[in-house]
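As structure tokens, the structure follows; a few thoughts come after it.
The values are calculated or read from the model by the stated rules, or taken from the named source; none is laboratory data. As the structure is a computational prediction, the values presented were derived from the model and not from experiment. All Cβ positions, glycine included, derive from the backbone under ideal geometry; neighbour counts span all protein chains shown.
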There are 2 protein chains.
Amino acid sequence: MKHHIDGSPLESDFEIKMETLSLSVEPGSKDVIVKNLYVSIDPYQLNRMKTYSSSQTAVSFSGSLTPGLAIDTYGVGRVLTSGNPNFEKDDLVVGLISWGEYSILKEGVILNKLDPMGFPLSHHVGVLGFSGLTAYGGFFNVCKPKKGEKVFVSAASGSVGNLVGQYAKLFGCYVVGCAGSRKKVDMLKDKLGFDDAFNYREETDLNSALKRYFPDGIDIYFDNVGAEMLEAAVSNMNTFGRVAVCGVISEYTDSGKRAAPHMLDVVYKRITIQGFLAADHMAVYADFITTTTDHLRTGKMQALEDVSIGLESVPSAFAGLFRGDNVGKKIVQVGEE
Amino acid sequence: MKHHIDGSPLESDFEIKMETLSLSVEPGSKDVIVKNLYVSIDPYQLNRMKTYSSSQTAVSFSGSLTPGLAIDTYGVGRVLTSGNPNFEKDDLVVGLISWGEYSILKEGVILNKLDPMGFPLSHHVGVLGFSGLTAYGGFFNVCKPKKGEKVFVSAASGSVGNLVGQYAKLFGCYVVGCAGSRKKVDMLKDKLGFDDAFNYREETDLNSALKRYFPDGIDIYFDNVGAEMLEAAVSNMNTFGRVAVCGVISEYTDSGKRAAPHMLDVVYKRITIQGFLAADHMAVYADFITTTTDHLRTGKMQALEDVSIGLESVPSAFAGLFRGDNVGKKIVQVGEE
């Protein structure tokens, strides 16, 4: 990152820096040197790139980034050298590595040994990683679904949205997703089993669109985008409806953009709007892994991944998130397994 | 009500109609004829007076009113004649009577015998009636307070707000209220024991005002007003903060008025915004009555009532709610006990 970024990110906001790295750990140090393999590309990183004044909460809670320094990210790698007795050379690890080819991880940084359980390593960045936990914790703990309820998911072909839709279907809900292209919409219906889906770019009135797709109203809205879509969803909600606010991509690139849901709807329909972070739902981590690995093995769930190759593709992969380029979880493979 | 009302109500929007009433019940009818004594004057009634097109949810959920017909309201009365075996002449009753001197209540209308338990009858319209249950259920069930938490209440001298503040103080929270005049602010601090209070009309920047009154942030916001106050409260909330949306008086008179809270705050601070109605909290009714009568008897709680006399004062009492005329629960005594 060359400088702080307050609007939509461009490839040119980033540069690849080279420096010489010693592959040996200093005596007495507990550093772990990791060769990065797969790194996660997530929209929330943009909140860390902002100037503090533009969005204080987002910057402070997500951890601000300093221009010129490596950007830490969730990802999978392999240990090259370890001064830490918990890790050995060639261990597979998952945790906070970086958008780079190698990471030097100080003691205390989140890093865990990874058992791939027979799944591709990339799955551990997405469907079995934080995106998966976000979808699982958000849907089951925050939305508290009941079988047969009507669920609406925005950014439904994104890293979290596609999984929420799949969990909701497997749980017995009626699920409609929206996405930004015809191709994505077809995929949601044909490949992921959504009951229906629509391209929001083709709709002039989101309120009417939702009325069309949910003639009996929405019980659960899993919100990844905020703004007009949240307003329209609240207008179309049933009594005791729940909105899980996972992301607000409309506000990430435009801090002036706001959702103004009709609060009379919120009162009379007793709607709950709740923000959450995956980290609050570690209590269901074991359930999440058991359930999700089962569904993947039996073919009931699909891991939708959009993998680019090579560190040099990180800037366009990241900028592309905000143009809707990705289909499913965006991952960059930065090293050969 | 002469016609539907879509903005702020005026006295001239109403008229008193006279008609001859038979005080005997037809043989076989289960009608109950009640002499009305105290009637509740509540802001939500305005939602019932709107044209359907202006606010469909509010109008449908609150039950639309027809111009020219009596307006039903929560209140206390005395039975004059009864065809219903559950009620006898001279019984005190509480339920859905009307803004009028007499009510003829058909079978099925909400009506219960009232045991005044030694309290003034007006208390059963306010602190021991639906206003009290709204405050109690909203604060304890929706806000889920913990001792020591910081609570902000808007419209804090209103029928519900003043009780929320008192419950919160007695429970062990730190409570700040806002109201629309210096006199109300003094009363909150001096008479009701609020830790602090401010006049929102004297503040040019609500965000800074709340930062000043809550240097350590807000844990619970009991919202009666919506709009800019909700936005400012969300900006000043702590992590896992809760907003109970009880009323949106700013939207009652201006359907174009909206609150646009910063959803990035909602996500990163994991804020819950929840609308509710008192009717959802009947499960705590017995607790509410026991707790509140105890507090009233020991003088720990005050019943703040603003009583006008005579049916002819109903229009100005109602219109005055939207000008902030009332201090505490607005009640009209329409008949002599």
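What the table shows:
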{"item": "Single residue of A:E312, A:E336 found to be in a loop (DSSP other than H, G, I, E, B) and more than 29 Å from A:N236 (Cα to Cα)", "result": "A:E336"}
{"item": "Residues located in segment A:245-255, provided they are assigned to a helix (DSSP H, G or I) and of a type in the set (V, I, T)", "result": "A:I249"}
{"item": "Index of the failed condition, B:D90 passing every other in (1) under 30 Å from B:S255 (Cβ atoms); (2) of a type outside the set (F, W, Y); (3) at pLDDT 95 or above", "result": "(1)"}
{"item": "Segment A:245-284: number of residues that are among the small types (G, A, S), farther than 24 Å from A:L163 by Cα and more than 7 Å from every other protein chain (Cβ to nearest Cβ)", "result": "2"}
{"item": "When residues of segment B:48-64 are limited to those that are assigned to a loop (DSSP other than H, G, I, E, B) and crowded, with 20+ Cβ neighbours inside 10 Å, the one modelled with the highest pLDDT", "result": "B:K50"}
{"item": "Condition check for A:I309: within 30 Å of B:Y44 (Cβ to Cβ) and more than 8 Å from chain B (Cβ to nearest Cβ)", "result": "no"}
{"item": "Check on B:F198, at pLDDT 95 or above, in a strand (DSSP E or B), in the same structural domain as B:M263 (by TED's automatic domain parsing) and farther than 29 Å from B:A303 by Cβ", "result": "no"}
{"item": "A:T66 among the β-branched types (V, I, T) and away from chain B (no Cβ under 14 Å)", "result": "yes"}
{"item": "Residue match in segment A:178-186 (condition: free of Cβ contacts under 8 Å to residues at least 40 places away in the same chain and either touching an Asp or Glu at 6+ places or on another chain (Cβ under 7 Å) or surrounded by fewer than 20 Cβ atoms within 10 Å (Cβ to Cβ) (or both))", "result": "yes"}
{"item": "Number of positions in segment B:224-244 that are more than 8 Å from chain A (Cβ to nearest Cβ), out of contact with any Gly (no Cβ under 9 Å at 6 or more places or on another chain) and closer than 27 Å to B:L321 by Cβ", "result": "7"}
{"item": "Given (1) buried (at least 19 other Cβ atoms within 10 Å of the Cβ); (2) at pLDDT below 95; (3) of a type outside the set (S, T, Y), number of the condition A:I110 does not satisfy", "result": "(1)"}
{"item": "Per-region count, segment A:52-63, residues among the hydroxyl-bearing types (S, T, Y) and at the interface with another protein chain (Cβ under 9 Å from one of its Cβ atoms)", "result": "4"}
{"item": "Test: B:Y221 is under 24 Å from B:N47 (Cβ atoms) and either more than 7 Å from every other protein chain (Cβ to nearest Cβ) or surrounded by 21 or more Cβ atoms within 10 Å (Cβ to Cβ) (or both)", "result": "yes"}
{"item": "Among the candidates B:R258, B:R270, B:R212, residue that is outside any strand (DSSP E or B), on the phi > 0 side of the Ramachandran plot and free of Cβ contacts under 8 Å to residues at least 60 places away in the same chain", "result": "B:R270"}
{"item": "Enumeration of residues in segment B:114-139 that are among the β-branched types (V, I, T) and surrounded by fewer than 20 Cβ atoms within 10 Å (Cβ to Cβ)", "result": "none"}
{"item": "Odd one out for B:L105 among (1) closer than 19 Å to B:I33 by Cα; (2) surrounded by fewer than 24 Cβ atoms within 10 Å (Cβ to Cβ)", "result": "(2)"}
{"item": "B:G247, sole failed condition from (1) surrounded by 24 or more Cβ atoms within 10 Å (Cβ to Cβ); (2) of a type in the set (G, A, S); (3) at pLDDT 95 or above", "result": "(3)"}
{"item": "Residue ID - farthest from A:V225 (Cα to Cα), chosen from residues in segment A:39-53 that are of a type outside the set (K, R) and in contact with a His (Cβ under 8 Å, 6 or more places away or on another chain)", "result": "A:T51"}
{"item": "Qualifying positions in segment B:285-301 - in contact with a helix residue (DSSP H, G or I) (Cβ under 7 Å, 6 or more places away or on another chain), outside any helix (DSSP H, G or I) and either within 14 Å of chain A (Cβ to nearest Cβ) or not aliphatic (A, V, I, L, M) (or both)", "result": "B:K300"}
{"item": "Subset of segment B:158-177 that is assigned to a strand (DSSP E or B) and without any contact (Cβ under 8 Å) to a residue 60 or more places away in the chain - its residue that is surrounded by the fewest Cβ atoms within 10 Å (Cβ to Cβ)", "result": "B:Y174"}
{"item": "Selection from segment A:128-152 of residues that are of a type in the set (G, A, S) and outside any helix (DSSP H, G or I)", "result": "A:G129, A:G148"}
{"item": "Selection count, segment B:305-321, where residues are within 24 Å of B:Q166 (Cβ to Cβ) and either within 15 Å of the chain's Cα centre (by Cα) or buried (at least 21 other Cβ atoms within 10 Å of the Cβ) (or both)", "result": "6"}
{"item": "Residues that are of a type in the set (S, T, Y) and touching a Cys at 6+ places or on another chain (Cβ under 6 Å), drawn from segment A:151-166", "result": "A:S154"}
{"item": "Single residue of segment A:1-47 satisfying the filter (loosely packed, with under 15 Cβ neighbours inside 10 Å and touching a strand residue (DSSP E or B) at 6+ places or on another chain (Cβ under 7 Å)) that is farthest from A:V314 (Cα to Cα)", "result": "A:S24"}
{"item": "Tally of residues being of a type in the set (G, A, S) and in contact with a Pro (Cβ under 8 Å, 6 or more places away or on another chain) across segment B:159-201", "result": "1"}
{"item": "Which listed residue is among the charged types (D, E, K, R) and within 14 Å of chain B (Cβ to nearest Cβ), from A:D13, A:D31, A:D42", "result": "A:D42"}
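Residue by residue, here is whether (1) over 30 Å from A:V234 (Cβ atoms); (2) free of Cβ contacts under 8 Å to residues at least 40 places away in the same chain; (3) in the same structural domain as B:S40 (by TED's automatic domain parsing) holds:
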site: B:V59; (1), (2), (3): no, yes, yes
site: B:S62; (1), (2), (3): no, yes, yes
site: B:T73; (1), (2), (3): no, yes, yes
site: B:E88; (1), (2), (3): yes, yes, yes
site: B:S98; (1), (2), (3): yes, no, yes
site: B:Y102; (1), (2), (3): yes, no, yes
